[in-house]
Amino acid sequence: MTFPHPHSLRTVSMPLGMVVGAMFCRPIAALETASGGMITPSLIFLMLFFTFCRVDVRSMRLQPLHLWLLTAQIVFSVAVYGILLPFSPTVAQGGMICVLTPIAMAAVVIGGMLGADIVSMTTFSLLCNMTIAVVAPFILSVVGSGDCSLAVILARVAPLLILPFAAAQGCRALIPKVSGWVAAHSQISFYLWLVSLTVIIGRTTTFILDHPEADGAVETALAATALVICLVQFRFGRWLGRRYGDAVAGGQSLGQKNTVLAVWMAQSFLDPISSVAPTAYIVWQNFVNSYQLWRKESGGDRPADPNE
């Protein structure tokens, strides 16, 4: 049984998922609430399980690219906050969280579709999420207003990252035939991710509708800031990745963010209105992903010249 990706589906699926999520935001949010908030985590778990079944843990290696990406992420987050602070503390917090937030769980899935080295991306995903879980409490305790701790963030990040990885590696070791079938049908993760995107957009649209008291100018500034940061991170990540032979991995690793975690951190430890920035980032990064998938399907995303 195969799950082909027609050109038309790859081109329109993400924008269509976002439109459906926005239009049916109330029913989606109600369903997510009724499930105890378990729909999105369950989808992410399954999505990563299908992807991680393709990863042999023995081939995972820390690479210079990983250290450069992580360094850029931490340094840029502090720099963005410092640059924007004189204009608006809320916008500064929103911009900072869009950079500081670790790589999205789904980035490995999308990176694999675009031809990236998923072993390298999986290694960076584990490293980045754990490092940011350690670094973020220090940064948020300085710029935020909430009581942020390592344990609180780890409790939010670790289950969705470690458990599917451990389950996939256990499956590879104990029931290789099953893991082989899963690895051969890992494109199912695309459909799981598409449903997850629709749910996330529904939830974030509901949040925006339920907070009409926010200043329109501040919200516009937050959304515009998120757009600029999104484009810069994808571009810089691709530039950095190209230097190490994998532009796609670099771009996805730095540009595609765990926006669900970002919104939660902003609402929990910063000015809640600053969460408009990572909420907008959800839309921007998925338009970028739609464009990249379209280029991939149309044959326009050729391997880059290392000298470019």
Can you send over the solvent-accessible area of Ile44, 1.4 Å probe, protein chains only, in Å² to the nearest 10? 20 Å²
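Using only Cα atoms, what Kirkwood radius does the chain have, in angstroms?
Working: mean 1/r = 0.0511 Å⁻¹.
About 19.6 Å, per the Kirkwood formula over Cα pairs.
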Computed from the beta carbon distance with a Förster radius of 22 Å, FRET efficiency for Asp210 and Ser42 to the nearest 0.05 stands at 0.35
Between Leu85 and Trp181, how high is the FRET efficiency from 1/(1 + (r/R0)^6) when r is the Cβ-Cβ distance and R₀ = 41 Å? Nearest 0.05. 0.20
Three-way shape call for segment 124-282 based on the alpha-carbon gyration tensor, with the a/c threshold at 1.5: prolate
Rounded to the nearest 10 Å², what accessible area does Leu127 have for a 1.4 Å probe in the complete protein model? 50 Å²
Which whole-number value in Å² is the accessible area per residue of the chain, probe 1.4 Å? 43 Å²
Given the options Val19, Val263, Val182, which has the most mean-square fluctuation in a GNM of the chain, springs set between C-alpha atoms less than 10 angstrom apart? Val19
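Between Ala166 and Trp264, take the C-beta separation as r, use R0 = 35 Å, and let me know the FRET efficiency to the nearest 0.05.
Working: r = 23 Å, r/R0 = 0.66.
The computed FRET efficiency comes out at 0.90.
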Dipole size in debye (nearest 20) for the chain around its Cα centre, Lys and Arg Cβ +1, Asp and Glu Cβ -1? 900 debye
Candidates Gln63, Gln233, Gln267, ranked by Gaussian network fluctuation over the chain, Cα under 10 Å, top entry: Gln63
For Phe24 and Ala173, compute 0.36 nm times the residue count separating them, minus their Cα-Cα distance, and round to one decimal in nm. 49.5 nm
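What is the extension gain from Val57 to Arg235, computed as 0.36 nm multiplied by their sequence separation minus the C-alpha to C-alpha distance, in nm to one decimal? Mind dumping the intermediate values first?
Working: separation 178, 0.36 × 178 = 64.08 nm, distance 2.91 nm.
Length gained between Val57 and Arg235: 61.2 nm.
The values are calculated or read from the model by the stated rules, or taken from the named source; none is laboratory data. Just so it is clear, the model here is predicted, and its values are computed rather than measured. Quick reminder, even Gly has a Cβ in these numbers, built from the backbone with ideal geometry, and neighbours come from all protein chains shown. Just so you know, the surface numbers come from the protein's heavy atoms only, side chains and all, with ligands and any DNA or RNA stripped out. Shrake-Rupley method; radii C 1.70, N 1.55, O 1.52, S 1.80 Å.
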